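Input: a single structure, listed below in structure tokens.
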């Protein structure tokens, strides 16, 4: 078990726990945008060779960019609608536990869960997330898409680190106990 | 305005934003209980002379203790059901804005909002909370009473400080912008 690859959630949320507005607007993230400061994102993705994300999050990302940001990595888009793969991007509509177990048991680097809330909830229900790196943005969004949805079991966490940045972003890093 | 008293929310929540289980169970707080460590609570309450809290929170507190913990402070329990005051505890069913404006314009020390979620939501809707001191407990509770309820306006915050404790509790302190 010790040698299994880890599945890591790396995501930003507002202090009140939202990852976007109801209309999928991410502009609240701009309060922490600062030239030359990526809050460890590049260093983190350098340790990743596999990405899994939900289909709605994938579609949202693709409205913002021309090329999927993780083209160099093995990517699984979790969807209910089967679709042929495109380059290194596979659209996966099978059993989530089978996929993640399979990935964890293959040799490799970190597996990055890039959201969204629906996938995170499923992964937490199945106890498949090993680490959470959450960047808390200094804003109360007031409403939106909650990162954590109810109906999950209780899980104790161990804090690995916590770092406050000049912009007011606080990044907390937990590992499951 | 600069000399007005501040209304400060000081509260603990799980990483997934809950202040208690649906059944009002607070036992998740025990993961950070440690002899001789109060996470700054005493130092904070020493700067407070007035407490406001919701009626459900008050009732919950009174099931846990014999004597209300803030008997030395002017206390307002916000309730829909008028009730005669008891010692320094007043049951208030009038306009919340009037109460808080009145308190802020009187000379005095900090005003402590001790929860719960319903009162916090109302105070945030009215933009009456000046500072938030939130102790994030290293646990995903999975379900429960959310501290932050939807339907509030967006508010930008300024991070004053962030402190990680050995138990894994991370205390963040924000002031409204």
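Tell me which of these residue A:118 doesn't satisfy, since it passes every other one: (1) within 12 Å of chain B (Cβ to nearest Cβ); (2) in contact with a strand residue (DSSP E or B) (Cβ under 7 Å, 6 or more places away or on another chain); (3) surrounded by fewer than 22 Cβ atoms within 10 Å (Cβ to Cβ). Only one criterion is unmet by residue A:118, namely (1).
Let's see how each residue does on (1) in a helix (DSSP H, G or I); (2) touching a helix residue (DSSP H, G or I) at 6+ places or on another chain (Cβ under 6 Å); (3) within 14 Å of chain A (Cβ to nearest Cβ):
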{"site": "B:8", "(1), (2), (3)": "no, no, no"}
{"site": "B:11", "(1), (2), (3)": "no, no, yes"}
{"site": "B:16", "(1), (2), (3)": "no, no, yes"}
{"site": "B:23", "(1), (2), (3)": "no, no, yes"}
{"site": "B:29", "(1), (2), (3)": "yes, no, yes"}
{"site": "B:39", "(1), (2), (3)": "no, no, yes"}
{"site": "B:44", "(1), (2), (3)": "yes, no, no"}
{"site": "B:52", "(1), (2), (3)": "no, no, no"}
{"site": "B:56", "(1), (2), (3)": "yes, no, no"}
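Residues considered: B:160, B:96. Of these, the only one that is surrounded by 18 or more Cβ atoms within 10 Å (Cβ to Cβ), at pLDDT 95 or above, over 30 Å from residue A:152 (Cβ atoms) and more than 14 Å from the chain's Cα centre (by Cα) is B:96.
In summary, residue A:108 fulfils each of the numbered conditions (1) over 30 Å from residue A:34 (Cα atoms); (2) part of a helix (DSSP H, G or I); (3) more than 7 Å from every other protein chain (Cβ to nearest Cβ) with the single exception of condition (2). Scanning region A:71-88 for residues that are modelled with pLDDT under 95 and surrounded by 13 or more Cβ atoms within 10 Å (Cβ to Cβ), we see that the one that is nearest to residue A:11 (Cα to Cα) is A:88.
Among the residues of region B:133-162 satisfying the criterion of being without any contact (Cβ under 8 Å) to a residue 40 or more places away in the chain and in a strand (DSSP E or B), which is farthest from the other protein chains (Cβ to nearest Cβ)? Among those residues, the one meeting the criterion is B:160. Within region A:121-132, the set of residues being free of Cβ contacts under 8 Å to residues at least 60 places away in the same chain, more than 11 Å from chain B (Cβ to nearest Cβ) and either assigned to a loop (DSSP other than H, G, I, E, B) or within 30 Å of residue B:130 (Cα to Cα) (or both) comprises A:126 only.
Only residues that are part of a strand (DSSP E or B), more than 7 Å from every other protein chain (Cβ to nearest Cβ) and under 22 Å from residue A:159 (Cβ atoms) were counted in region B:163-177, giving 3.
I'm trying to understand the selection: among the residues of region A:58-88, which are over 13 Å from the mean Cα position of the chain (by Cα) and part of a helix (DSSP H, G or I)? If the condition is that a residue be over 13 Å from the mean Cα position of the chain (by Cα) and part of a helix (DSSP H, G or I), then A:59, A:60, A:62, A:63, A:64 are the ones that fit.
The values are calculated or read from the model by the stated rules, or taken from the named source; none is laboratory data. These figures come from a predicted structure and were not determined experimentally. Every residue, glycine among them, receives a Cβ derived from its backbone with ideal geometry; neighbour counts consider all protein chains shown.
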